[in-house]
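Heads up: the structure comes next, in structure tokens.
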Protein chains: 2
Amino acid sequence: MDDEPDQRPEGRASRRASKTRQRLLDAALYIFNTKGVEGCAIEDITESADVGKGTFYRHFMDKQDALRTLLDFAADDLIKRMPPEQSPAISFEDRITQLIQAHLTFFTERSDLFLLFLQGQTMVATRSAAVPGLHAPYARYIGAIETRIAASLPATVLPEQKRQIASLLAAAACGPVTVGLSISSSKHDVIKTLDLARQSLLAGIKQVLLK
Amino acid sequence: MDDEPDQRPEGRASRRASKTRQRLLDAALYIFNTKGVEGCAIEDITESADVGKGTFYRHFMDKQDALRTLLDFAADDLIKRMPPEQSPAISFEDRITQLIQAHLTFFTERSDLFLLFLQGQTMVATRSAAVPGLHAPYARYIGAIETRIAASLPATVLPEQKRQIASLLAAAACGPVTVGLSISSSKHDVIKTLDLARQSLLAGIKQVLLK
DNA sequence: AAGTTTGTTGACGATGTAGTCAGTAGCGAC
DNA sequence: GTCGCTACTGACTACATCGTCAACAAACTT
């Protein structure tokens with residue numbers, strides 16, 4: 001017991017390995033967003049990462065494993081942009097603005113991750129049976145929104161309503177991106193629509209709550 | 001010139017052919033929503049339709065051709081549920097409610113078509129280069145919404161804003177479905193969230209317009 | 001009925017892809 | 001140096017899938 005058991009060795013070799021793993025993830029993200037998750041071959045990824053094909057299988061079980069890793073990472077990135085869970089109680093207007101803002105910077109700074117996130121969201125939504133084990137990041141995502149709005153909502157709001165409002169917020173933040181890009185709006189237009197969605201959501205929730 | 005040149009022959013043979021084509025489309029819709037558009041083989045479709053593989057290629061160029069046909073059909077179905085284009089001028093509140101309602105019945109009555117519609121929307125949004133020729137139904141869809149809200153909006157609204165409000169409405173109608181199903185909400189919950197989105201959109205647009 | 005056209009079939013060649021594995025290269029311990 | 005270990009490689013097997021086509025079947029025409 002001379003040193004911590006969970007200490008990483010961190011030699012040059014293992015550093016090289018993580019670098020390779022990261023190169024593979026970067027390449028996979030790029031390829032998934034270019035040819036599509038199901039439309040691409042493992043070799044497309046390894047080719048793009050400039051590593052041998054076998055190397056992929058040293059780091060990931062299969063394509064879905066890499067996808068899961070990326071979706072987890074995307075969800076983490078998005079959640080990290082949200083206000084801290086135990087931040088001071090502020091008005092729900094401000095809280096909602098903060099949450100939409102998190103999506104907005106996620107979109108502007110990591111649109112590649114956001115696009116994959118949306119791609120996965122639709123895969124899970126439209127054919128969850130075909131993509132086992134991919135729902136987790138989306139459950140975490142909605143959970144993160146829910147806990148962040150919970151404290152700012154009036155105590156009279158039912159738990160079930162909180163989940164609904166969280167869904168509504170996610171829809172207001174994700175929907176305009178999918179719709180906007182599907183009709184080839186510019187990034188700028190998407191951002192404007194997102195802001196419109198924010199305003200609309202604010203007014204809407206206020207009214208729904210007061211009812 | 002004894003009869004119209006564009007008259008269909010409509011013999012037993014061609015009726016049989018259209019029936020086969022329809023069986024293939026039904027099967028394709030089912031398979032696309034089960035295994036995914038890119039995750040399925042042509043034979044999955046012909047197997048499910050119980051026809052020979054070659055028959056598929058007599059009716060469609062390839063998988064994308066069948067997908068395009070289905071997405072066109074889905075957009076038509078959805079647009080047909082909207083109020084008629086030249087219906088009497090009513091308040092935009094009512095018009096928006098009508099439009100959301102159209103999505104709602106589309107979801108309840110043809111969720112298979114809606115799910116494929118959403119799948120295609122994300123394909124086009126996230127990697128349009130990989131799916132050429134699939135944007136058309138979505139452009140028609142947004143156009144349909146736009147013309148239907150145009151007459152009910154104040155004359156002071158800029159054309160550019162109309163397109164934005166149309167996008168917002170589409171997002172409010174599609175977003176909750178994708179988000180809801182991705183976190184495995186029940187159909188009933190999705191419908192409730194859709195109604196919440198309608199109320200929120202009403203309040204929101206009202207406020208945005210008055211600003 | 002014989003001939004023509006249209007629709008359907010499934011076996012086939014060509015190609016693509018997944019996942020493996022024996023072999024190589026680089027690193028770290030001694 | 002050399003030994004062991006870990007990371008990496010890409011040729012290889014096995015299998016899936018594409019799109020074609022010659023043969024067959026059904027429906028029309030004369």
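The values are calculated or read from the model by the stated rules, or taken from the named source; none is laboratory data. This is a predicted model, so every value here is computed, not measured. FYI the Cβ positions are ideal-geometry reconstructions off the backbone, even for glycines, and counts take in every protein chain you see. Side chains included, ligands, DNA and RNA excluded: accessible areas come from the protein's heavy atoms. Shrake-Rupley method; radii C 1.70, N 1.55, O 1.52, S 1.80 Å.
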- What's the number of the condition B:Ile149 fails, among (1) surrounded by 17 or more Cβ atoms within 10 Å (Cβ to Cβ); (2) facing chain A (nearest Cβ under 7 Å)? (2)
- Query: When the range A:167-180 is examined, which residues are found to be touching a residue at least 40 places away in the same chain (Cβ under 8 Å) and within 7 Å of chain B (Cβ to nearest Cβ)?
  - Reply: A:Ala172, A:Cys174, A:Thr178
- Task: Hand me the list of helices (runs of 4 or more DSSP H) wholly inside the range B:1-97 holding 3 or more residues that are more than 15 Å from DNA strand C (Cβ to nearest atom) and in contact (Cβ under 8 Å) with a residue 60 or more places away in the chain.
- Result: B:12-35, B:63-80
- Among the residues listed as B:Ala125, B:Ala155, the single one being open to solvent by 40 Å² or more (accessible area, probe 1.4 Å), small (Gly, Ala, Ser) and free of Cβ contacts under 8 Å to residues at least 24 places away in the same chain: B:Ala155
- Options A:Ala74, A:Ala27, A:Ala66: the member that is open to solvent by less than 50 Å² (accessible area, probe 1.4 Å) and farther than 19 Å from A:Val124 by Cα: A:Ala27
- A:Thr156: more than 24 Å from B:Gly120 (Cβ to Cβ), assigned to a loop (DSSP other than H, G, I, E, B) and of a type in the set (S, T, N, Q), yes or no? yes
- Within the range A:186-202, residues being among the hydrophobic types (A, V, I, L, M, F, W, C) and facing chain B (nearest Cβ under 7 Å) number 3
- What about A:Pro132, is it within 14 Å of chain B (Cβ to nearest Cβ) and touching a helix residue (DSSP H, G or I) at 6+ places or on another chain (Cβ under 6 Å)? no
- Matching residues, the range A:30-47, being of a type outside the set (Gly, Ala, Ser), within 20 Å of A:Gln121 (Cα to Cα) and away from DNA strand D (no atom under 11 Å from the Cβ): A:Tyr30, A:Ile31, A:Phe32, A:Asn33, A:Thr34, A:Lys35, A:Val37, A:Cys40
- Message: Please verify whether B:Arg110 is more than 8 Å from chain A (Cβ to nearest Cβ), over 30 Å from A:Leu134 (Cα atoms) and charged (D, E, K, R), treating the condition exactly as stated.
- Response: no
- Quick one: which of B:Gly133, B:Gly175, B:Gly143 is surrounded by fewer than 24 Cβ atoms within 10 Å (Cβ to Cβ) and either touching a Cys at 6+ places or on another chain (Cβ under 9 Å) or at positive phi (or both)? B:Gly133
- Quick check, is A:Gln101 touching a helix residue (DSSP H, G or I) at 6+ places or on another chain (Cβ under 9 Å), open to solvent by 10 Å² or more (accessible area, probe 1.4 Å) and more than 9 Å from chain B (Cβ to nearest Cβ)? yes
